[in-house]
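A short write-up of the structure that comes next.
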Amino acid sequence: MTVILGIESTAHTFGVGLVEDGRVLANHEDMHRPVEGGIRPSEAATHHREVGPELVKKAMIKRPDAVAYSASPGIGSCLKVGTELAQKLAEELGVPLVPVNHAISHLEIGIHTTGAKEDDVVAVYVSGGNTQIIARSGVKGWQVFGETLDIALGNALDKLARQLGLPHPGGPKLEKLAERAGTSGDLLDMPYVVKGMDLSYSGMFTHATRMLARGESPERVARAFQEHAFAMLVEVTERAVAHTGKGQVLLVGGVVQNRRLRDMFDIMCRERGVKCLAVPPEFAGDNGVMIAHSGWLRFRKGWMLKPEQAGYFQKMRVNEEPYNLLAGQE
Ligand code: AMP
Ligand code: MG
């Protein structure tokens with residue numbers, strides 16, 4: 001039996017998970033909620049530094065064989081806190097460190113919890129900081145087939161919610177607002193920006209802000225925003241499914257908690273005759289369990305570092321492994 005502790009600290013959430021051979025033993029987290037405006041890196045890092053040690057204590061109900069941590073991609077100051085805490089823990093416990101690519105981890109927890117087949121999925125990764133359509137491509141591993149050209153979908157929803165005075169995270173509150181608009185009646189027009197396999201949300205956000213300033217109803221704006229934003233994503237995903245011939249669509253990341261988003265993907269998948277799978281809500285947003293799980297998969301391959309080899313990277317693509325860079329493999 002192998003026990004892995006996982007530390008997540010790439011953005012708002014500080015999470016700690018403990019898994020034993022793929023089974024969840026503990027899952028604790030605390031989210032930094034900016035009082036106003038978006039995330040401020042130094043404030044988020046201070047939050048993580050404050051809550052981190054307590055969360056580790058709570059989650060460590062069994063001695064881990066290794067400490068896994070999010071090594072990339074993310075906000076530098078936040079990654080630093082998680083990396084240093086993981087390093088200190090590994091030193092104290094006398095166990096190795098396992099660095100994890102956060103984006104790959106979202107995919108792996110999705111696959112693990114839904115039974116999706118790695119080689120047969122088109123994954124839709126929609127979170128506060130990312131919007132990407134990803135699939136495996138031969139020996140190249142995970143590849144991005146399409147992505148946002150500017151802001152991420154979660155970020156767009158959070159920004160719009162902020163305009164309406166709704167506190168972070170705004171996505172779920174905007175969802176409730178949109179529901180209140182009902183499904184009958186005209187849909188307000190919004191820019192629909194799909195460029196090849198990529199999409200853009202910033203123009204839509206500006207447009208929605210102007211509509212609100214003109215006195216348009218928040219419910220109707222929220223509904224139209226969701227309908228357009230999700231339809232763009234479904235369109236690009238459908239094209240990726242058609243191009244790749246894959247048989248499953250896997251939804252991962254915090255925005256997947258949105259009911260309407262899942263329903264729209266369900267409809268497209270049914271019409272195309274492919275399977276639609278979504279990561280369970282408790283593992284959709286950033287969490288420590290997914291890092292522990294990915295850590296376990298890598299621990300079994302021997303992808304371990306000595307505590308002094310710890311490091312992190314703000315940017316990393318979904319086909320890169322931080323282990324290779326930190327261990328000097330490639
Ligand atoms: P993550 O970055 O993966 O931790 O996911 C956080 C993002 O998910 C934030 O932008 C949230 O607003 C968004 N989110 C969470 N729940 C919902 C929901 N029900 N509808 C839309 N967005 C959501
Ligand atoms: Mg994430």
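The values are calculated or read from the model by the stated rules, or taken from the named source; none is laboratory data. Fair warning: this is a prediction, and the values are worked out from it, not measured in the lab. Using ideal geometry, Cβ is built from the backbone for each residue, glycine included, and neighbour counts are taken over all protein chains shown. Just the protein is used for accessible areas: all its heavy atoms, side chains included, with ligands, DNA and RNA removed. Shrake-Rupley method; radii C 1.70, N 1.55, O 1.52, S 1.80 Å.
Data for the structure
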read-out	value
Contacts under 9 angstrom Cβ, first residue in region 312-323 being farther than 17 Å from LEU97 by Cβ, partner β-branched (Val, Ile, Thr) and in a loop (DSSP other than H, G, I, E, B), 6 or more apart	GLN314/ILE75
Candidate set: region 240-256, residues that are touching a strand residue (DSSP E or B) at 6+ places or on another chain (Cβ under 9 Å) and assigned to a helix (DSSP H, G or I); chosen: the one most open to solvent (accessible area, probe 1.4 Å)	HIS243
Hits in region 42-77 (condition: assigned to a loop (DSSP other than H, G, I, E, B) and small (Gly, Ala, Ser))	GLY74
Count of region 90-107 residues which are surrounded by 22 or more Cβ atoms within 10 Å (Cβ to Cβ) and either within 16 Å of ligand 1 (Cβ to nearest atom) or farther than 29 Å from VAL249 by Cα (or both)	10
Residues satisfying the stated conditions in region 92-109, i.e. among the charged types (D, E, K, R) and under 20 Å from VAL56 (Cα atoms)	GLU92
Answer residue from region 1-25, given it is away from ligand 2 (no atom under 16 Å from the Cβ) and closer than 20 Å to GLN87 by Cα and is most open to solvent (accessible area, probe 1.4 Å) among those	THR2
Candidates ALA178, ALA161, ALA103 - the one that is of a type outside the set (D, E, K, R), at pLDDT 95 or above and within 15 Å of ligand 2 (Cβ to nearest atom)	ALA103
Filtered residues of region 206-230 (kept if part of a helix (DSSP H, G or I), open to solvent by 40 Å² or more (accessible area, probe 1.4 Å) and not acidic (Asp, Glu))	THR206, HIS207, ARG210, ALA213, PRO218, ARG220
Meets criteria (closer than 15 Å to LEU251 by Cβ and either open to solvent by 20 Å² or more (accessible area, probe 1.4 Å) or at pLDDT 95 or above (or both)) for ALA135	yes
Among the residues listed as GLY74, GLY38, GLY115, GLY94, the single one being farther than 17 Å from GLU320 by Cβ and within 16 Å of ligand 2 (Cβ to nearest atom)	GLY38
Candidate set: region 117-129, residues that are open to solvent by 40 Å² or more (accessible area, probe 1.4 Å) and modelled with pLDDT of 95 or more; chosen: the one nearest to the chain's Cα centre (by Cα)	GLU118
Where a residue in region 209-230 is more than 16 Å from ligand 1 (Cβ to nearest atom) and its partner, wherever it lies, is open to solvent by 50 Å² or more (accessible area, probe 1.4 Å) and polar (S, T, N, Q), with Cβ under 7 Å and at least six apart	THR209/GLN163; LEU212/GLN163
Hits in region 130-155 (condition: more than 15 Å from ligand 2 (Cβ to nearest atom) and under 16 Å from PHE230 (Cβ atoms))	ILE133, GLY146
Check on GLU282, in a helix (DSSP H, G or I) and touching a residue at least 40 places away in the same chain (Cβ under 8 Å)	yes
Selection count, region 164-194, where residues are under 23 Å from the mean Cα position of the chain (by Cα) and either among the aromatic types (Phe, Trp, Tyr) or more than 18 Å from ARG260 (Cα to Cα) (or both)	5
Selected residue (criterion: surrounded by the most Cβ atoms within 10 Å (Cβ to Cβ)) from residues of region 170-205 that are assigned to a loop (DSSP other than H, G, I, E, B) and of a type in the set (D, E, K, R)	ASP189
Residues of region 257-298 that turn out to be crowded, with 20+ Cβ neighbours inside 10 Å and either touching a Ser or Thr at 6+ places or on another chain (Cβ under 8 Å) or of a type in the set (D, E, K, R) (or both), as a count	14
